Amino acid sequence: MPLSSSDLAAIWLTLQLASITTVLLLLLGTPLAWWLARTRSWLKAPIGAVVALPLVLPPTVIGFYLLVAMGPQGPVGALTQSLGLGTLSFTFTGLVIGSLFYSLPFVVQPIQNAFEAIGTRPLEVAATLRAGRFDRFFHVALPLARPGLVTASVLGFAHTIGEFGVVLMIGGNIPDQTRVVSVQIFNHVEAMEYAQAHWLAAGMLVFSFAILLTLQRRGRVGARAIS
Amino acid sequence: MLDVQFNLPLNNFTLDVDLQLPAQGVTALFGPSGSGKTSLLRCIAGLEHAPAGRLLFNGECWQDSQRGIFVPTHQRAIGYVFQESSLFDHLSVEGNLRFGYRRISAAERRISFSQAVELLGIAPLLARQPQHLSGGERQRVGIARALLTSPRLLLMDEPLSALDAQRKAEILPYLERLNAELEIPILYVSHAFDEVARLADHMVLLEDGKALASGNINGLLPRLDLPLALGDNASVVIDGVVASYDVDYQLLSLRLPHTEQCIRVAHQPVAIGQQLRLRVQARDVSLSLQQPQHSSILNLLAATIVELAVADNPAHLLVRLDMQGTPLLARITRYSSEQLGLRPGQSVWAQIKSVALLN
């Protein structure tokens, strides 16, 4: 067996982290993307920029600020401690929160693009067909944005799986808690276990390639919304 | 009755109208591109929120900015047909049709699913996806979809403008059936005069956001104070009643309203008593002081000159005639007019060279 039990545990933990993060990001990111696609508020530009920040920031920077915020002296830490939850740094929950920030643009931007590609016309049509606000969102906007939602899920999931810097900063290297595959590869390399590292690294490579290939085959995001 | 008052600043001008429109038949909002027709229609639908406006439909208030009332689009009993077909791509044709249909209560339904499908001839398309329909088919589905919300007012925004002449000809009969078979008032936006001449009962002439005139189409077209009469397309529409049919010569006689005079036109037989609409272009009408003899022109009608006006071309004059209540326009040269000494009140013979039956 090329993979040790700690490797398998790391894979399992990574999959859990990526799944939970993706689901949460779809729930939070879809309304945010809708707002960004529709609003004429001056806040659109600054908030859009904040959403895009993780694309350019080194993950260590995100991780550092999250660590400070979630630590005993940070505002989030103070809040969680007052609620009797302790601090979130070096916990799985902390990792999920870090991943939410880290993968945010990969989920929000494809959905936002899809909503923008739909335009206002289908929603106006739906309004003339007696559909109210939420009805229009759930039965017209979401189904028409489906290609964008699929892309967002796949990118969000894949990107979370590849996370390393943020994890190391706020999660560390705790088996079954915060030791994800990327950290495990790092451990193997540190310990000169190149064969072990190869198995995991090659697995990640194949996985990522397969995902991108699938996306390419699906064609462009946000295809024509209306005929 | 549709009581419409809007003030909405647009890019190049302000839409500023105050109109009373009949809540029956077809009312055309007619004007050049960019005259505010579509904006007016969108205000009536509630898709555009005019900052100052009042809209009453048969006494029901849909907007009153002074009292802070604005009924959102989805709560107005309207149907809307967009310029380009706007079917939902994520639904089949049937899914599109049922979208609005299932959103109104059964008690509100006055048009059944099968009735709308039959009326627009789209039964063979139900299982198809919108992407696989032709432009004309899509627009028919769009119209049926709007009808299936059993609207009390149907708004149509240039529904034929994206179609070529052949597709237009394919859809126009459906629009006429719509008007004839369902008692839904229609507001019809168009910049195509031939569509308006064919369909409209009432007409609003828009220019730069202002309503130049609003009234019955038979009375509006001959008005020499409106740009309609001065252009090359100056014409009148006359709703005649089939009086007789000459089988030998295959000529249909249509009696003009309020008179015993008839216009004859080569046509297939039509049931006596049926109303048909004729269009007579001003350039096809010439005038004579005496009753012409030995002429090949079929239609010679006694008329009285009402007024004369210079057309868009200074060589031409437009003459408005009256045939016992039925107006007619003639475009003649200024030279001929002076030679004949034409003046208002004079009795003349109008010779009509060609007549188009519109339906």
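The values are calculated or read from the model by the stated rules, or taken from the named source; none is laboratory data. All values derive from a computational prediction rather than experimental measurement. As a convention, Cβ positions derive from the backbone with ideal geometry for all residues, glycine included, and neighbour counts pool all protein chains shown. The protein model used for the area step is the full one, side chains on, heavy atoms only, and it has no ligands, DNA or RNA in it. Shrake-Rupley method; radii C 1.70, N 1.55, O 1.52, S 1.80 Å.
With a 1.4 Å probe and all protein chains left in place, how much of the accessible area of chain B comes from carbon and sulfur atoms, in whole percent?
Solvent-exposed carbon and sulfur of chain B make up 47 percent of the total.
If the chain between residue B:255 and residue B:313 were fully stretched, how many nm would it gain, using 0.36 nm times the residue separation less the Cα-Cα distance?
Gain in length upon complete extension: 17.6 nm.
Ratio of alpha-carbon Rg to the 2.2 N^0.38 Å globular estimate for the stretch A:9-78, to two decimals, please.
With N residues counted in the stretch A:9-78, Rg over 2.2 N^0.38 Å equals 1.39.
So, R0 is 60 Å and r is the distance between the beta-carbons of residue A:23 and residue B:268; what FRET efficiency does that work out to, to 0.05?
0.30
Note down the net charge around residue B:358, summing +1 for each Lys or Arg and -1 for each Asp or Glu among other residues with Cβ under 15 Å from its Cβ.
-1
Mean residue ellipticity at 222 nm from the helices of chain B, using -39,500 (n - 2.57) per DSSP H segment of n ≥ 4 over the full residue count, to the nearest 500 deg cm²/dmol?
-6000 deg cm²/dmol
Once the mean 1/r over all distinct Cα pairs of the stretch A:5-218 is inverted, what Kirkwood radius in angstroms do you read off?
18.7 Å
Based on a Kirkwood Rh over C-alpha pairs, give the Stokes-Einstein translational diffusion coefficient of the stretch A:73-155 at 10 °C and viscosity 1.306 mPa s in µm²/s.
Taking Rh from Cα pairs, D becomes 103 µm²/s.
Give me the compactness ratio for the stretch B:187-280, meaning the Cα radius of gyration over 2.2 N^0.38 Å.
Dividing the Cα Rg of the stretch B:187-280 by 2.2 N^0.38 Å gives 1.25.
Translational diffusion coefficient of the stretch B:235-357 at 10 °C, 1.306 mPa s, Stokes-Einstein with Kirkwood Rh over Cα pairs, in µm²/s as a whole number.
Estimated via Stokes-Einstein, D reaches 107 µm²/s.
Leaving out same-chain residues fewer than 8 places away, which lysines sit with a Cα under 29 Å from that of residue B:353?
Once the sequence-local lysines are set aside, what remains near residue B:353 is B:168.
I need the Kirkwood Rh of the protein assembly as shown: take the reciprocal of the average 1/r across all distinct C-alpha pairs and report it in angstrom.
29.2 Å
Would you list the P(r) distribution for the stretch B:239-288, with all Cα-Cα distances sorted into 10 Å bins from 0 and each bin expressed as a whole %?
It works out to 26, 51, 23, 1, in whole percents.
What is the percent of Cα-Cα separations in chain B that go past 40 Å?
Percent of Cα pairs beyond 40 Å in chain B: 21.
Using 1/(1 + (r/R0)^6) with R0 = 60 angstrom and r between the beta carbons of residue B:12 and residue B:181, what's the FRET efficiency to the nearest 0.05?
The pair residue B:12/residue B:181 has a calculated efficiency of 0.90.
Can you tally the net charge around residue B:337? Count Lys and Arg as +1, Asp and Glu as -1, for every other residue whose Cβ sits under 15 Å from the Cβ of residue B:337.
Residues close to residue B:337 contribute a combined charge of +3.
Using only Cα atoms, tell me the angle between helix B:165-181 and the longest principal axis of chain B; keep it within 0 to 90° and round to the nearest 10.
80 degrees
What per residue convex hull volume, in Å³, comes out for the stretch B:319-359 when only alpha-carbon positions are used?
90 Å³
Mind jotting down the distance between the C-alpha centroids of the stretch B:117-150 and the stretch A:121-181, whole Å?
Using only Cα atoms, the two centres lie 34 Å from each other.
Under 25 °C and 0.890 mPa s, how fast does the stretch B:1-141 diffuse according to Stokes-Einstein, given a Kirkwood radius computed over C-alpha pairs? Answer in µm²/s, whole number.
143 µm²/s
Run the 1.4 Å probe and let me know the accessible area of residue B:1, rounded to the nearest 10 Å².
Counting only protein heavy atoms, residue B:1 exposes about 110 Å² to solvent.
What do you get for the angle between helix B:135-147 and the principal long axis of chain B? Use alpha-carbon atoms, 0 to 90 degrees, nearest ten.
It is inclined by approximately 70 degrees.
Where does helix A:59-70 land angle-wise versus the long Cα axis of chain A, in degrees 0 to 90, nearest 10?
It is inclined by approximately 90 degrees.
Which of A:17, A:55, A:95 ends up with the largest GNM mean-square fluctuation for chain A, with Cα atoms connected below 10 Å?
For chain A, modelled as a Gaussian network with Cα springs under 10 Å, the answer is A:55.
Using only atoms on other chains, find how many Cβ atoms lie within 10 Å of each Cβ of peptide A:137-144 and report the average.
2
Name all residues of the stretch A:98-126 having a backbone nitrogen under 15 Å from the label point set 7 Å from the Cα of residue A:53 along its Cα→Cβ direction, giving them as ranges.
Only A:98-106 fall inside the zone, counting backbone N under 15 Å.
Could you work out how far the C-alpha centroid of the stretch A:1-64 sits from that of the stretch A:195-217, in angstrom?
With the stretch A:1-64 and the stretch A:195-217 each reduced to a Cα centre, they are spaced 20 Å.
Apply 1/(1 + (r/R0)^6) to the Cβ-Cβ distance of residue B:192 and residue A:174, taking R0 = 60 Å, and write down the FRET efficiency to the nearest 0.05.
0.25
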